[in-house]
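Novice: Would you mind keeping the following structure in view while I ask a few things?
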Amino acid sequence: MVPALSTVPFDPLSRLHLQPWSALAGLGPVAADAIAQVLAGSAAERVLDRTLRDRRSLTREQRLALKEAVFNVGLWRRRLGFLLGREDAAPLFLLHALMHGLAGVPAVESAALAGLGDGAPPPLVSAPPPTLALRASLPDWLADHFAREFGPEADDFCAHLNVPGPITLRANVLRTSREALAERLRSEGVETRPGPWSPLALHIEGPRPNLYGLRSLQEGLFEVQDEGSQLLGLLVEARPGETVLDLCAGAGGKTLQLGADMKDSGRLLAYDPDPERLDRLLQRSSRAHLTRVQVLRSLPESLDADRVLVDAPCSELGSLRRGPDQRFRIQPEVLTRFPALQQDILQRGARLVRPGGRLVYATCTVNRAENEDVVAAFLASRPDFRLVRPGAGWLSDACLRDGFLFVAPHRHGTDAFFAAVLERTAG
Ligand SMILES: C[S@@+](CC[C@H](N)C(=O)[O-])C[C@H]1O[C@@H](n2cnc3c(N)ncnc32)[C@H](O)[C@@H]1O
């Protein structure tokens, strides 16, 4: 069973009405310059960093207004083009369409804030956008893809991609508990609430604090990690004393979690072809007080691992809400780029699991070709593996779809993740 969807449609525009747009006064050209860079393909986050770094005298409200302007024109560009009646409208017009058409700022005030001069503000189309791609401001190919994946839920899913996700922390259970961490954070001025799905998750309440200035982070009491991502690590069910391999370890988000579950005992091996990510993993391990992580620069020929996690490289469509402009920087071929590689990595992982051991295959994407189809092809080639219920005894049925873990922002408030738990038959 999955959580019932609300009968009141989710409105991703409502947060736009709450932003301090009047603080943009005099900053229209600055915003327009940054927006032009984002529309030309530069990552919004980086453009904003550069823009703010060069203007240290701006107030907090001005910085926030600039951020919202740059991110939201980057995000809503297709819908704004529809409102203006042309997809190639100049940044100042897009900014006006954002503030007036989507955020409800009166037309004359919006035009002045955007720096459009004294002429009459351009008229905006009043009809509702006729397609999912225009409503949710997605490239056509991506809207079509989500329509195929989600059917009648596609609009709701896409609406949830258009608001930033929460900031979520994972308690490092080697050092603390979720409850003790919440108390500690409160003493540092940060309010949190527990996540509903992962027993390790705390969501930050209110505006984003400077996490990197917190003593609790420096002491390794938590990591920033989406609640859905925490579920992937939990599905491994790593235990103290075992041999566990994190086969696509990256900078170690899940490795650290596995190490805490293993109470820093046994053998925890982390492999990734990217050496820089592995270096970061080692630094993070020491902050988390993990002493037994062993980084592998190449994969062993054999290993009787109790558990192997394949947190596979993928098209990452499940985390699009984390980057407002990311959807416009990917191409349709991303949908077909990964399955062969994923299959190959999964097969390699399977060879390193002992009989009776567990293999977890996971992605952060919404694409059956990278998810269910990869697992089906794997099972057809390896009859000694079987699919088991993810998280038996602790994971809510609401996080399951057809025997797999599947969570998504419109149903769970997490980024979208998929996982299959596979067990190798004993003997
Ligand atoms: C989804 S990311 C892993 C994230 C990481 N597990 C975490 O929790 O932070 C996928 C990783 O797979 C790695 N990768 C790419 N090709 C690979 C391969 N052939 N074998 C193993 N890992 C690979 C990438 O370098 C990337 O770090």
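The values are calculated or read from the model by the stated rules, or taken from the named source; none is laboratory data. Here the structure is a predicted model, which is why all the values come from computation and not from measurement. As a convention, Cβ positions derive from the backbone with ideal geometry for all residues, glycine included, and neighbour counts pool all protein chains shown. What goes into the accessible areas is simple: the full protein's heavy atoms, side chains included, and nothing from ligands, DNA or RNA. Shrake-Rupley method; radii C 1.70, N 1.55, O 1.52, S 1.80 Å.
Novice: Check each of the trypsin sites (Lys or Arg not before Pro) in region 1-99 and keep only those in coil by DSSP with at most 14 other C-beta atoms within 10 angstrom; list them in order.
Specialist: Working: sites: 15, 46, 50, 53, 55, 56, 60, 63, 67, 77, 78, 79, 86; in loops: 55, 56, 86.
Within region 1-99, the qualifying trypsin sites (Lys or Arg not before Pro) (loop, at most 14 other Cβ atoms within 10 Å) are 55, 56, 86.
Novice: Also: Let me cross-check residue 345: its accessible surface, 1.4 Å probe, with only protein heavy atoms counted, in Å² to the nearest 10?
Specialist: Roll a 1.4 Å probe over it and residue 345 shows about 20 Å².
Novice: Heavy atoms only, 1.4 Å probe, whole protein assembly: order 263, 254 by accessible area, highest first.
Specialist: Numbers: 263 140, 254 25 Å².
Heavy-atom accessible area, descending, gives 263, 254.
Novice: Determine the share of region 270-427's accessible area contributed by carbon and sulfur atoms, expressed in whole percent, with a 1.4 angstrom probe. Show your work: numbers first, answer last.
Specialist: Working: 3240 of 6640 Å².
Carbon and sulfur: 49 percent of the exposed surface of region 270-427.
Novice: Here is a follow-up. Can you give the accessible area per residue of the chain, in Å², using a 1.4 Å probe?
Specialist: Each residue of the chain exposes 43 Å² on average to a 1.4 Å probe.
Novice: In the Gaussian network model of the chain, springs joining C-alpha atoms below 10 Å, which of 350, 398, 136 carries the largest mean-square fluctuation?
Specialist: Of the options given, 398 has the highest mean-square fluctuation.
Novice: A follow-up question, please. Among DSSP bridges having both ends in the chain, what percentage is antiparallel? Round to the nearest 5. List each step's numbers first, then the result.
Specialist: Details: 24 of 41 bridges.
Beta bridges within the chain, antiparallel portion: roughly 60 percent.
Novice: Here's a follow-up. Could you check how much of the accessible area of region 114-242 is carbon and sulfur, as a whole percent, using a 1.4 Å probe? Walk me through the numbers before you get to the answer.
Specialist: On the way: 3020 of 5580 Å².
Accessible surface attributable to carbon and sulfur in region 114-242 totals 54 percent.
Novice: May I ask for the longest run of the chain untouched by GluC sites (Glu not before Pro) that are loop-located per DSSP and have at most 16 neighbouring C-beta atoms (other than their own) within 10 Å?
Specialist: My reading of the result: 88-187 is the longest stretch.
Novice: Calculated from DSSP H runs of 4 or more alone, at -39500 (n - 2.57) each and per residue, what is the 222 nm mean residue ellipticity of the chain, nearest 500?
Specialist: Working: 17 runs with 160 residues, N = 427.
Result for the chain: -11000 deg cm²/dmol, rounded to the nearest 500.
Novice: Next up: Which of rounded, prolate, oblate describes region 272-403, given a ≥ b ≥ c as roots of the alpha-carbon gyration tensor eigenvalues and a/c under 1.5 marking rounded, otherwise prolate only if a/b is larger than b/c?
Specialist: It comes out rounded by the Cα gyration axes.
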